[in-house]
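Okay, structure first, notes after.
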């Protein structure tokens, strides 16, 4: 039976660990033999020196083969990782999260492990967690880290507040294009979030750098803070309006328990 790609990646990491452990053991033995030979040479014990030098030669002779095995295992890891990133990497990570008692949901090509979102870029051989590169690419390691984060259930308030200010700038720009502006006393007009997302992604490479799923995750993180206001004192309000009934223009996030959380519009105003 063919080994699943996710299991193959874990196995390739196991082989690399075993190869490195073998080299480490050989190096430790070579160091011990070298110290024994050095001590005998310093003391002038020719008989002990001959024995230690023979042992040292035998220890060192195994190192090239061990190092070659470690290099081969590294190449095997790279091959298995490439195959996993093109296929079941996120499923393998999610399986680890669930095995540790957490929740993980695949949605729009991403793995949502509240409060984090994981995406893969097979072409670049990269994995991003909340938009940041994550270098520890063993599925069991990444899954365990995500499960720990989920148990803490922490949303980064500083990040959410930076997003709030960016959202407010996009909102003001949108209103300014129509000769309007937020009200300092009343709730301003509702603007569709899909329209504001377009203002986040004007640059040609911005859709890759800031995909819609990450935008929705940031909306959820901001909404999780409850009643919050911009630095200028205007309160943000999310609106379902009629958009949540026909789904057009609705942005969906999968929250705790697999619950769908829908966002349609936003307004600012009323200090």
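Calculated FRET efficiency, residue 166 and residue 135, Cβ-Cβ r, R0 25 Å, to nearest 0.05? Let's see the in-between values first.
Values: r = 27 Å, r/R0 = 1.07.
Computed FRET efficiency for residue 166 and residue 135 comes out at 0.40.
Of the listed peptides 77-90, 251-264, what is their order by residue-averaged count of other C-beta atoms within 10 Å, with the highest listed first? Before the final figure, lay out the partial values.
Details: 77-90: 18.5, 251-264: 16.2.
Descending mean neighbour count gives 77-90, 251-264.
At what distance in nm do the modelled label points of residue 99 and residue 43 sit from each other, each positioned 7 Å from its Cα along Cα→Cβ?
Here the answer is 5.0 nm between the modelled labels.
Just order 42-48, 129-135, 97-103, 192-198 by mean Cβ neighbour count inside 10 Å, highest at the front, would you? Don't jump to the answer; show the numbers that get you there.
On the way: 42-48: 10.4, 129-135: 13.0, 97-103: 16.1, 192-198: 18.4.
The packing order, highest mean first, is 192-198, 97-103, 129-135, 42-48.
In nm, give the distance between the simple-model label positions of residue 198 and residue 21, each being 7 Å from the Cα along the Cα-to-Cβ direction.
Label-label distance for residue 198 and residue 21, simple model: 5.7 nm.
Sort 114, 105 so that the residue with the fewest other Cβ atoms within 10 Å of its own Cβ comes first and the one with the most comes last. Don't jump to the answer; show the numbers that get you there.
Details: 114 25, 105 17.
Placing the least packed residue first, the sequence is 105, 114.
Of the residues 35, 248, 151, which exhibits the maximal mean-square fluctuation in a Gaussian network model of the chain defined by a 10 Å Cα contact cut-off?
Residue with maximal mean-square fluctuation among 35, 248, 151: 35.
Scan (i) 15.8; (ii) 22.1; (iii) 13.6 for the value of mean projected area of the Cα convex hull in nm² calculated from this model and give just the label.
From the options (i) 15.8; (ii) 22.1; (iii) 13.6, the structure gives (ii).
Helix 212-224 versus the longest principal axis of the chain: what is the Cα-based angle in degrees, 0 to 90, to the nearest 10?
70 degrees
For helix 139-152, report the angle its Cα long axis makes with the longest principal axis of the Cα atoms of the chain; keep it between 0 and 90° and round to the nearest 10°.
Tilt of helix 139-152: around 50 degrees.
Report the label-to-label distance for residue 57 and residue 227 in nanometres (one decimal), using points 7 Å from each Cα along the Cα→Cβ vector.
It works out to 8.4 nm between the two label points.
Counting alpha carbon pairs within less than 8 Å and at least 6 residues apart, what relative contact order, in whole percent, applies to the chain?
Values: 357 pairs, mean separation 41.9, N = 271.
Once normalised by length, the contact order is 15 percent.
Values quoted throughout were computed directly from the atomic coordinates according to the rules given, and no laboratory measurement underlies them. All values derive from a computational prediction rather than experimental measurement. Cβ coordinates were reconstructed from backbone atoms using ideal geometry, including for glycine residues, and neighbour counts include every protein chain displayed.
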